[in-house]
Amino acid sequence: MKSILNLAFELLNPRRAHSSATARRLGAEMCKELKTKVLRLEPPTSNGPAVHPEDDAEILSCTVKALKEGHVVAVPTDTIYGLACLAQSSEAIEKTYDIKGRNQQKPLAICVGDIQDIYKYCKVPVQKALLDDLLPGPVTLVFQRSEVLNADLNPFTLLVGVRIPDHAFMRRLCQMCGEPLALTSANISSHTSTVAAHEFQELWPKLAVVVDGGPIGDKTRLGSTVVDLSVLGKYRIIRPGCALSPTVDVLERKYGLSEDSGKQ
């Protein structure tokens, strides 16, 4: 099993393959036995988008199809690699917990493609300008959930964290799905977060699609900064993450929010 995965990964490495499209096709063929498609995104050029946007469009289409069929996929974000499934699919959520070995009392965040989508799934007590200042970016904002969101997603809390990663593929993926994705880190629960696809290779056989976006630039492995904005005029840091200082600066200096210490 390991040799097949290693060969698929090597075929997808641009230094070892003559063509990225060929590498993706061969990689997918090598993983047929595993029922896993390993697809490599074209890196953006110094002047902007990827060299072969049509290849990335095929990867988007393939990933959307897998999600719509109820599968779990691995995707790159702006902070770490993640596991994603449709947030409105209770069965897919269950699969995600099983794959990670995650305690079901630990919540999953949702990921959307545009700021206006947040208002559909969350009750937002802050100015839209605040959302515009923080998103897209390496921040998870926690609000009260709306009734539209799947009741089986984090049924133990009225809150939900929402992300819009600063990653073009992820935003486009959410837009094409037309509904939120449940998102969590691509690793076995309690293990180190991953910043390259090969680092969670042991999970590949359990996934329908692995989107290899190359190494993620942020090597801190801290993940997004998680901040609770569900209380009017207050903020509470749930996880410092990789963007604590600039996030707090925006919340306090620009919008006058005060930290909620939890003390009455």
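The values are calculated or read from the model by the stated rules, or taken from the named source; none is laboratory data. Note that the structure is a prediction, hence the values are computed from the model and not measured. Please note: Cβ atoms are built from the backbone with ideal geometry, for glycine as well, and neighbour counts cover all protein chains shown.
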query = Checking Ser189 against (1) without any contact (Cβ under 8 Å) to a residue 60 or more places away in the chain; (2) surrounded by fewer than 21 Cβ atoms within 10 Å (Cβ to Cβ); (3) part of a loop (DSSP other than H, G, I, E, B), which test does it fail?
reply = (1)
Sole exception among (1) in contact with an Asp or Glu (Cβ under 9 Å, 6 or more places away or on another chain); (2) more than 13 Å from Pro107 (Cβ to Cβ) for Gly161, by number = (2)
ask   = Among (1) exposed (fewer than 15 other Cβ atoms within 10 Å of the Cβ); (2) under 18 Å from Ala109 (Cα atoms); (3) of a type in the set (Asp, Glu), which single condition is Asp228 missing?
value = (1)
inquiry  = Where the second residue is surrounded by fewer than 16 Cβ atoms within 10 Å (Cβ to Cβ) and among the small types (Gly, Ala, Ser) and the first is over 19 Å from Val162 (Cβ atoms) and lies in the stretch 228-254, which pairs have Cβ atoms under 8 Å and are six or more apart or on separate chains?
reply    = Gly233/Gly256; Gly233/Ser258; Glu252/Ser258
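For every residue, the table says whether it meets (1) surrounded by fewer than 23 Cβ atoms within 10 Å (Cβ to Cβ); (2) within 17 Å of Met170 (Cβ to Cβ); (3) at pLDDT 95 or above; (4) not charged (D, E, K, R).
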| residue | (1), (2), (3), (4) |
| --- | --- |
| Leu60 | yes, yes, yes, yes |
| Lys120 | yes, no, yes, no |
| Leu130 | yes, no, yes, yes |
| Pro136 | yes, yes, yes, yes |
| Gln144 | yes, no, yes, yes |
task = Could you tell me whether the stretch 218-234 includes any residue that is part of a strand (DSSP E or B), out of contact with any Lys or Arg (no Cβ under 8 Å at 6 or more places or on another chain) and at pLDDT 95 or above?
result = yes
request  = Collect the residues in the stretch 192-217 that are assigned to a loop (DSSP other than H, G, I, E, B) and in contact (Cβ under 8 Å) with a residue 24 or more places away in the chain, keeping them in residue-number order.
outcome  = Thr192, Ser193, Thr194, Val195, Ala196, Leu207, Ala208, Gly213, Gly214, Ile216
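Residue-by-condition table, conditions (1) surrounded by fewer than 24 Cβ atoms within 10 Å (Cβ to Cβ); (2) at pLDDT below 95; (3) aliphatic (A, V, I, L, M); (4) over 30 Å from Leu244 (Cα atoms):
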residue: Ala21; (1), (2), (3), (4): yes, yes, yes, yes
residue: Pro44; (1), (2), (3), (4): yes, yes, no, no
residue: His71; (1), (2), (3), (4): yes, no, no, yes
residue: Tyr81; (1), (2), (3), (4): no, no, no, no
residue: Cys85; (1), (2), (3), (4): no, no, no, no
query = Among helices (runs of 4 or more DSSP H) lying entirely in the stretch 61-175, which contain 2 or more residues that are touching a residue at least 60 places away in the same chain (Cβ under 8 Å)?
reply = 90-100, 128-134
ask   = Is there a residue in the stretch 176-185 that is more than 15 Å from Ala74 (Cα to Cα), surrounded by fewer than 16 Cβ atoms within 10 Å (Cβ to Cβ) and at pLDDT below 95?
value = no
message = Looking at Ser185, Ser230, Ser190, Ser224 in this structure, which one is among the hydroxyl-bearing types (Ser, Thr, Tyr) and over 22 Å from Arg102 (Cβ atoms)?
response = Ser230
